[in-house]
Amino acid sequence: MKKRLIGIILAGVLLVGVVAAVIVPKMSASAGTASEPLKVVTGVIGSEKKEFFDDPRVKAVFAARGYDVRVKTAGSRQIATSPALATSDFAFPSSAPAADKIAIGRTVKGTYSPFFSPMAVATFKPVAQLLKNAGIARQDSKGTWTLDMKAYLNAVKEGKRWNQLPGAAELYNSNRSVLMTSTDIRSSNSAAMYLAIASYTANGNNVLSGSFSGDTVLPEMAGLFLNQGFSEASSGGPFGDYLSQGMGSKPMVMIYESQFLGQQMSETGSKAMSPDMVLMYPQATVLSKHTVIALTDSGSAIGQLLLSDPDLMTLEAQHGFRPADRSKLENALQEHNLPLPEPLVDVADAPTYEVLESLIDKISAKYDPANTPAPTADGDAVTKK
């Protein structure tokens with residue numbers, strides 16, 4: 001009996017030893033992997049991408065690839081002068097012209113354009129119907145709204161007010177001028193893209209060329225921005241006002257399509273959407289190509305992941321952006337029972353960086369810095385001294 005008991009004890013000890021030999025190395029390996037610190041990578045981005053980078057799912061994907069990505073926001077045209085850029089691994093503005101501005105005089109490790117977004121107009125059904133009554137907008141059989149930019153610019157030039165349009169008493173009886181809200185042309189890419197659209201229309205549906213002096217359309221273009229009064233530095237501001245303040249304050253706002261679609265697909269953000277909010281596409285519109293400027297090798301790694309990682313591409317689409325794989329956005333919208341956007345066939349190219357900057361500089365010179373100081377990267381106004 002005693003020998004049997006000893007045998008059982010020895011067998012038990014042997015079993016424990018075998019289990020320990022198998023399990024402990026695995027636990028040690030797992031602990032070693034978990035304890036490895038993530039590589040911190042910093043960037044300066046346009047504000048319209050903040051929710052994407054703040055998304056816990058996005059952070060988890062980056063972490064799974066070994067990175068802790070930390071970002072600060074600025075108006076896309078202000079990123080080039082942001083103090084944070086000096087110590088950042090990448091910049092991520094909202095268009096190729098803005099990216100060109102950032103790249104000047106810097107050593108660039110690579111450029112990546114992981115997704116794009118058409119420029120669009122956030123408005124409301126009563127306003128859209130009022131514009132339709134006036135021949136300024138139309139709606140096709142599938143429900144897509146289009147803004148006739150030529151008719152819109154004529155209405156602005158004539159000083160039309162909303163209550164002067166047919167049907168205003170029932171739809172939107174406001175004495176405000178028919179004028180779209182945008183960001184500040186001196187700091188923001190979305191305003192620059194609005195300028196690209198408007199100048200293309202005013203120039204007889206021709207992209208402004210290098211020989212353009214600005215004299216022909218400059219007064220008309222300047223009025224689109226100067227007559228707004230104070231404008232915010234980045235695109236998150238006016239779209240946030242559109243969502244919270246409604247039609248009385250922001251009847252029409254120039255935005256990125258991604259802002260509207262991303263809001264609709266957000267579990268919490270969709271609660272801020274009302275049934276009368278609609279998306280309208282300018283004719284012609286421009287495509288804003290979000291471009292990563294890698295300033296270090298780490299920044300280049302993030303740009304490559306944003307461009308090609310399937311998990312990140314899926315999340316990009318869920319935030320309303322259009323990745324290279326079109327099916328990603330289609331799948332995301334279908335999952336939320338949202339209509340697929342119609343293919344855009346009337347798309348204009350933006351002017352070259354030099355031409356666009358020249359026109360922006362001429363408009364900027366018309367501001368009175370004492371009354372309309374340029375906003376800083378965080379949206380606060382700073383008076384120039």
Check your understanding: Just a yes or no: is a residue in the stretch 143-158 outside any helix (DSSP H, G or I), open to solvent by less than 30 Å² (accessible area, probe 1.4 Å) and over 30 Å from Ser94 (Cα atoms)?
Key -> no
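Can you spot a residue in the stretch 20-38 that is touching a strand residue (DSSP E or B) at 6+ places or on another chain (Cβ under 8 Å), at pLDDT 90 or above, surrounded by 13 or more Cβ atoms within 10 Å (Cβ to Cβ) and within 30 Å of Asp184 (Cβ to Cβ)? So that I can check it myself, show each step before the final result.
If we filter the stretch 20-38 for residues that are touching a strand residue (DSSP E or B) at 6+ places or on another chain (Cβ under 8 Å), which is where we start, we get 38.
The next check asks that each one be at pLDDT 90 or above; those that pass are 38.
Adding the requirement that they be surrounded by 13 or more Cβ atoms within 10 Å (Cβ to Cβ) leaves 38.
So of that shortlist, the ones also within 30 Å of Asp184 (Cβ to Cβ) come out as none.
No: zero hits.
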Revision key, fill the gap. Among the residues of the stretch 215-226, the number that are in contact (Cβ under 8 Å) with a residue 60 or more places away in the chain and either out of contact with any Ser or Thr (no Cβ under 8 Å at 6 or more places or on another chain) or farther than 15 Å from Met193 by Cα (or both) is 5
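Might you let me know whether the stretch 206-217 holds any residue that is among the hydrophobic types (A, V, I, L, M, F, W, C), farther than 22 Å from Asp361 by Cβ and either open to solvent by less than 10 Å² (accessible area, probe 1.4 Å) or assigned to a loop (DSSP other than H, G, I, E, B) (or both)? Please lay out each step first, then the result.
First, pick out the residues of the stretch 206-217 that are among the hydrophobic types (A, V, I, L, M, F, W, C): 207-208, 212, 217.
Now restrict to residues that are farther than 22 Å from Asp361 by Cβ: none.
No, that holds for no residue.
From the set of residues in the stretch 86-108 that are part of a loop (DSSP other than H, G, I, E, B) and of a type in the set (S, T, N, Q), which is farthest from Val41 (Cα to Cα)?
Ser95
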Practice item. Inspect the stretch 110-121 for any residue being at pLDDT 95 or above, of a type outside the set (S, T, N, Q), more than 18 Å from the chain's Cα centre (by Cα) and not in a helix (DSSP H, G or I) and give the result as yes or no. Key: yes
Point to revise | Subset of the stretch 232-250 that is under 20 Å from Trp162 (Cβ atoms) and charged (D, E, K, R) - its residue that is surrounded by the fewest Cβ atoms within 10 Å (Cβ to Cβ) | key: Asp241
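Would you confirm, using the coordinates I've provided, whether Ser199 is out of contact with any Ser or Thr (no Cβ under 9 Å at 6 or more places or on another chain), polar (S, T, N, Q) and part of a helix (DSSP H, G or I)?
For Ser199, the condition - out of contact with any Ser or Thr (no Cβ under 9 Å at 6 or more places or on another chain), polar (S, T, N, Q) and part of a helix (DSSP H, G or I) - is met.
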Check your understanding: Does at least one position in the stretch 53-63 carry a residue that is under 14 Å from the mean Cα position of the chain (by Cα) and either touching a residue at least 60 places away in the same chain (Cβ under 8 Å) or in a strand (DSSP E or B) (or both)?
Key -> no
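Could we say that Ala99 is over 21 Å from Gln283 (Cβ atoms), aliphatic (A, V, I, L, M), crowded, with 21+ Cβ neighbours inside 10 Å and modelled with pLDDT under 95 here? Before you say what the answer is, go through the steps one by one.
Numbers: over 21 Å from Gln283 (Cβ atoms): yes; aliphatic (A, V, I, L, M): yes; crowded, with 21+ Cβ neighbours inside 10 Å: yes; modelled with pLDDT under 95: yes.
When the stated conditions are applied, Ala99 passes them.
Test of understanding: among Leu329, Leu356, Leu333, Leu295, which residue is under 20 Å from Lys50 (Cα atoms), touching a Pro at 6+ places or on another chain (Cβ under 9 Å) and crowded, with 18+ Cβ neighbours inside 10 Å? Before the answer, list the steps.
On the way: Leu356 fails: under 20 Å from Lys50 (Cα atoms); Leu333 fails: under 20 Å from Lys50 (Cα atoms); Leu295 fails: touching a Pro at 6+ places or on another chain (Cβ under 9 Å).
Only one candidate qualifies: Leu329.
Which of the residues that make up the stretch 64-85 are in a helix (DSSP H, G or I) and crowded, with 20+ Cβ neighbours inside 10 Å? Show your work before the answer.
Here is the first cut: in the stretch 64-85, the ones in a helix (DSSP H, G or I) are 64, 79-81, 83-85.
Ile79, Ala80, Leu85 - these are the residues of the stretch 64-85 that are in a helix (DSSP H, G or I) and crowded, with 20+ Cβ neighbours inside 10 Å.
The values are calculated or read from the model by the stated rules, or taken from the named source; none is laboratory data. Just so it is clear, the model here is predicted, and its values are computed rather than measured. Because the Cβ atoms are built from the backbone with ideal geometry, glycine has one as well, and the counts that use them run over all protein chains shown. SASA here: full protein model, heavy atoms, side chains in, ligands and nucleic acids out. Shrake-Rupley method; radii C 1.70, N 1.55, O 1.52, S 1.80 Å.
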